[in-house]
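The values are calculated or read from the model by the stated rules, or taken from the named source; none is laboratory data. This is a predicted model, so every value here is computed, not measured. A quick note on method: Cβ atoms are made from the backbone with ideal geometry, for glycine too, and the neighbour counts reach across all protein chains shown.
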Amino acid sequence: MKIVFLAPFGIRPKGTVLARMIPLAASLQALGDEVAIVAPPYTNPEDSGLSEIVRGVPLKNIVLGPENKLLAVPPNAWRLLRAALAEGPDLIHLFKPKGYAGVAGMLHLMLQQAGLRLPPLFLDSDDWEGKGGMNELHPYSGLEKRFYSFQEQWITRRVLGVTVASRGLEQLVGAMPIEPARLLYLPNCVTETELGDGAAARRKLAIAPDAPVVLLYSRFFEFPQEQLHLVFERIYRRLPGVRLLVVGKGRSGEEAELMAAGREKGFADALAMAGWVEPAQLPDYLAAADVAIYPFADNLVNRAKCPAKLTELLLAERAVVADRVGQIAEYVESGFSGVLCDPGDWQQMAEQTIKLLGDPEERSRLGRAGRARLLERFNWSDAAQSLSEFYASFKVPTKRPPH
């Protein structure tokens, strides 16, 4: 089967294409399908019109239209649809029901309704985009928010099938309503990789080999910043020799807030701010930690999310202390493959982290169990098999013999 994945944005710097689309496409190809990704690279405009092969998957970036966001909608959407159809696909799978790709998906559905014979359209949702969802986290205008919310509702109800990345999205989409047979739970998964060299990352960061290290790997918007400041303060006061490693960056200067809080509360010297790390080096930075914390507020956005960063921490064999919110409870069995805390209970998170820092055997056991459980239950090979069977359930006609 020939499949086109329609991406919401380019491959850099955001992680959706690399963390979800590429491994899923590669795993489908391992089953015998042929997959291409078509993307509007407005996040990396230097790739406008360029094509590349990523992990064996062809990625084709359209030529971008005008820089003005509104004026760019018609040409970008049309170029996306034309590029997707030019691949001669048996089906098109749209990732995220919003933006330029979402408009291309809407155009595709309208042309189908007008009688044109086009390949069926599927939708993948990995966030709740509309009211109460990701809309609230971006500086969109009121018009943009209404349009993105409309796109999510309109497209989801009309595509042939929907894949969702979390149990929270499964409930939200199912309530639209979407028949169960048209809905597939398809969480973010992992592929087995070698563990990183934590000692190498510690040397780069000037962290002593025997120093206890607590890791935060985050974009910061998933939790109240005050919770993070209080957790770090409590850990530092109990363990003055601790190093607090931060990998990632926020959207609104949260790192500067953290540094200011560190100066105010006395833990500034313990901070090691790595920022964004190149994907090839990331395993080393994750392996540099003894314990990773994963604060996650109990809100609609997070209940619908499928946190890929959590899967990376578990795959890195780190002991994780996380808030019990949404998909996190699918990935972590508390006490067996990690530790779950009551959402917003920063004292509990701090105490559980301190406890693990003092118990190397327990954190090693949790890390090994977390990685093993993830590879067994959430691997891309099994996910691709489920997706392939989902496609087949609709009896999509193919232009070539089935694999």
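So the values come out like this:
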read-out	value
The stretch 308-366, residues that are over 21 Å from ASP210 (Cα atoms) and of a type in the set (Lys, Arg)	LYS309, ARG324
Hits in the stretch 95-105 - residues which are within 16 Å of the chain's Cα centre (by Cα) and of a type in the set (A, V, I, L, M)	none
Tally, over the stretch 88-136, of residues that are modelled with pLDDT of 95 or more and small (Gly, Ala, Ser)	8
Residue check, ARG371 assigned to a helix (DSSP H, G or I) and either under 17 Å from the mean Cα position of the chain (by Cα) or under 26 Å from GLY241 (Cβ atoms) (or both)	no
Count of residues meeting criterion [polar (S, T, N, Q) and surrounded by fewer than 17 Cβ atoms within 10 Å (Cβ to Cβ)] in the stretch 214-236	1
Unique residue being more than 20 Å from LEU28 (Cβ to Cβ), of a type in the set (A, V, I, L, M, F, W, C) and in contact (Cβ under 8 Å) with a residue 24 or more places away in the chain when the list is ALA322, ALA384	ALA322
Scope the stretch 67-96; condition part of a loop (DSSP other than H, G, I, E, B) and under 13 Å from ILE37 (Cα atoms); matching residues	GLU87, GLY88, PRO89
Qualifying residue in the stretch 353-361 (condition: farther than 25 Å from GLU34 by Cβ, modelled with pLDDT of 95 or more and not in a helix (DSSP H, G or I))	yes
Positions within the stretch 5-36 being free of Cβ contacts under 8 Å to residues at least 40 places away in the same chain, surrounded by fewer than 24 Cβ atoms within 10 Å (Cβ to Cβ) and either under 11 Å from TRP380 (Cα atoms) or touching a Phe, Trp or Tyr at 6+ places or on another chain (Cβ under 6 Å) (or both), in sequence order	ILE22
The stretch 237-266, residues that are buried (at least 17 other Cβ atoms within 10 Å of the Cβ) and touching a Lys or Arg at 6+ places or on another chain (Cβ under 8 Å)	GLY248
Segments classed as helices (runs of 4 or more DSSP H), wholly inside the stretch 165-281, with at least 3 members that are of a type in the set (Lys, Arg) and either over 23 Å from ASN299 (Cα atoms) or not assigned by TED's automatic domain parsing to the domain that holds MET134 (or both)	198-205, 225-238
Condition met for ASP124 (acidic (Asp, Glu), under 19 Å from TRP154 (Cα atoms) and either over 24 Å from the mean Cα position of the chain (by Cα) or in the same structural domain as PHE9 (by TED's automatic domain parsing) (or both))	yes
